[in-house]
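Values quoted throughout were computed directly from the atomic coordinates according to the rules given, and no laboratory measurement underlies them. On a predicted model such as this, the values are computed, not experimentally measured, just so you know. Here Cβ is always computed from backbone atoms with ideal geometry, including for glycine, and neighbour counts include all displayed protein chains.
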Amino acid sequence: MQQVLSNRVEALSESETLKMARMARELRAQGHDVISLSLGEPDFDTPTHITEAAYQALKDGYTKYTPVSGLPELTKAISEKFKRDNNLEYRPEQIVVSNGAKQTVYNLCQALLNPGDEAILFAPYWVSYLEIVKMAEATPVCVYAGVDQDFKPSPEQLEKAITPKTKFVIFSSPCNPTGTVFTRDELQAYADVIAKHDNVLIISDEIYEYINFTHEHVSIGSFPNVKDRTITINGFAKGFAMTGWRLGYMGAPKFIADACSKIQGQVTSGASSFGQKAGAVALMSDLTPTDNMREAFRERRDIVLNMLEEIPGIKTNLPDGAFYIFPDISAFFGKSDGITTIKDADDFCDYVMTNAHVALVSGAAFGDPNCFRLSYAASEALLREAVRRMKDVLARLK
Ligand code: PMP
Ligand code: GLU
């Protein structure tokens, strides 16, 4: 048979986060005691009042197609949430609800990028940004900052990366994979750079907004000089432990929201009707369950960080949000246990997986081959056991 698959899919990488989660599942099915710290998924259940709202919606007959951009009561709730929490002004008609924030990123790239356009990614970046930009036949341009810079590129680095081909700058804060949270001043400095370039948009992914240990989440779209060119992405997966519900959203300039809705209307239509009803309840209710999850994550972060700091060669920063730690492990490169030599972060993660049965994700997938990502969205007992096992097997590397 001739080549059947498209060049597009041949060029696409499998999502590394999902791949590591799959490998961990497969090893476990073979009887290995694998601890998976690979996937960015809260281990908590969705709060009961939200699942109850979905049951109620089903009982009330919310079983039909919804408008492509979302149920009016949800787009209204999102518009109010943006104002209440973020000082953002997006009217309900500027909002598009999608099947997860991942689809929001996809819609945006399809709506905004022509072949040859450039999209600036702060690196380390979330793994799917790069592939989704490439699927739109555009060129990803990475602005990199490592652990010594707290994973925060300088405004000068950003300025240098902007060219006449730049369409947008995309980043997440709190950041996946580093946990870094940008402060108001840092965001203002980026905004000031971007505001000088008339055609450059900002895509601010704020899906980890509620998992922020600094207690100040700032939305770059609230700054007057970039307000009209900022697209703000958010979702339910992380803050409300709703990964499986597939519900995300964005606020955007109206013509961009319309364009994304047109794309979504040909690809998936609106998100699930009863899920949207529950989403509206999530946004409008008391956030105590979310606050409790955030506090649990903060405690786990401290436990894991303290344990990692006792392992010679592992260099960490203090991640202020999300549920990831992204240590630099370049000190291990060139070391060997007599059987395996660690050349890079991929080898490091393979070594830990094979010998300690702990699943991590190599930083290479996120644009930093010196690091690995550990998701601490797991119980304290599992986290302690995982780091203990890592410590043992890493001590064998000389
Ligand atoms: N953005 C970031 C930064 C993420 O980590 C993720 C992964 N959950 C998404 C978007 C996609 O989220 P969703 O599950 O809503 O598609
Ligand atoms: N975003 C999460 C992660 O980074 C979930 C997996 C995915 O969607 O890629 O692990």
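Work out the FRET efficiency for M23 and T214 from their Cβ-Cβ distance, taking R0 = 30 Å, and round it to the nearest 0.05.
0.30
Which order, highest average first, do 267-279, 301-313 follow once you tally other Cβ atoms within 10 Å for each residue and take the mean per peptide?
Ranked from most to least packed, the peptides come out as 267-279, 301-313.
Just add up the charged neighbours of T288: K/R +1, D/E -1, any other residue whose Cβ is under 11 Å from the Cβ of T288.
-2
Report, in listed order, any pair from K227/K277; K167/K262; K102/K134; K19/K262 with a Cα-Cα distance greater than 22 Å.
Among K227/K277; K167/K262; K102/K134; K19/K262, the Cα-Cα distance tops 22 Å for K227/K277; K19/K262.
Report the one residue of L58, A101, A161 whose Cα lies farthest in the direction of the positive end of the charge dipole of segment 55-184 (charges on C-beta: Lys and Arg +1, Asp and Glu -1; origin at the Cα centre).
Ranked along the dipole, the leading option is L58.
Testing the spin-label approximation: label points 7 Å from Cα along Cα→Cβ at E89 and V267. State their distance in nm.
Modelled inter-label distance: 3.0 nm.
Provide the gained length on full extension for the span T51 to D286, in nm with one decimal, where the gain is 0.36 nm per separating residue minus the Cα-Cα distance.
In short, 83.1 nm is gained.
Once you charge only the Cβ atoms, +1 for Lys and Arg and -1 for Asp and Glu, what is the size of the charge dipole of segment 263-304 about its Cα centre, to the nearest 20 debye?
140 debye
Give the shape of segment 179-334 as rounded, prolate or oblate, defined through the alpha-carbon gyration tensor: a ≥ b ≥ c are the square roots of its eigenvalues, a/c under 1.5 means rounded, and otherwise the shape is prolate if a/b is larger than b/c and oblate if not.
oblate
Dipole size in debye (nearest 20) for the chain around its Cα centre, Lys and Arg Cβ +1, Asp and Glu Cβ -1?
700 debye
Can you classify segment 182-247 as rounded, prolate or oblate using the Cα gyration tensor, where a ≥ b ≥ c are the square roots of its eigenvalues, rounded means a/c under 1.5, and otherwise it's prolate if a/b beats b/c and oblate if not?
It is oblate, given that a/c is not under 1.5 and a/b is not larger than b/c.
Hey, which aspartates and glutamates would be in cross-link range of K76, C-alpha to C-alpha under 18 Å, not counting anything within fewer than 8 residues on its own chain?
D85, E89, E93, D258, D286
Using a cut-off of 14 Å between alpha-carbon atoms, which aspartates and glutamates can reach K160, once sequence neighbours fewer than 8 places away in the same chain are excluded?
Cross-link targets: E118, D192.
Assigning unit charges at the beta carbon (Lys, Arg +1; Asp, Glu -1) and nothing else, what dipole magnitude in debye, to the nearest 20, does segment 173-320 show about its Cα centre?
Magnitude of the dipole: close to 580 debye.
Once the Cα atoms of helix 380-394 and of the chain are each reduced to a long axis, what angle between those two axes, in degrees from 0 to 90 to the nearest 10, is obtained?
Taking the Cα atoms of the chain, the angle to 380-394 is about 40 degrees.
Of all chymotrypsin sites (Phe, Trp or Tyr not before Pro) in segment 1-70, which ones are in loop regions per DSSP and have a Cβ with at most 16 other Cβ atoms within 10 Å?
Passing both the DSSP loop test and the Cβ count: F44, Y65.
Which angle between 0 and 90 degrees, to the nearest 10, do you get for helix 254-267 versus the longest principal axis of the chain when only C-alpha atoms count?
That works out to roughly 70 degrees.
Given axes a ≥ b ≥ c from the Cα gyration tensor, I'd like to know whether segment 1-138 is rounded (a/c under 1.5), prolate (a/b larger than b/c) or oblate.
oblate
Express as a percent, rounded to the nearest 5, the fraction of DSSP beta bridges in the chain (both residues included) that run antiparallel.
Within the chain, antiparallel bridges account for around 45 percent of the total.
Using Cα centres only, tell me the gap between segment 57-127 and segment 327-398 in whole Å.
So the separation of the two Cα centres works out to 35 Å.
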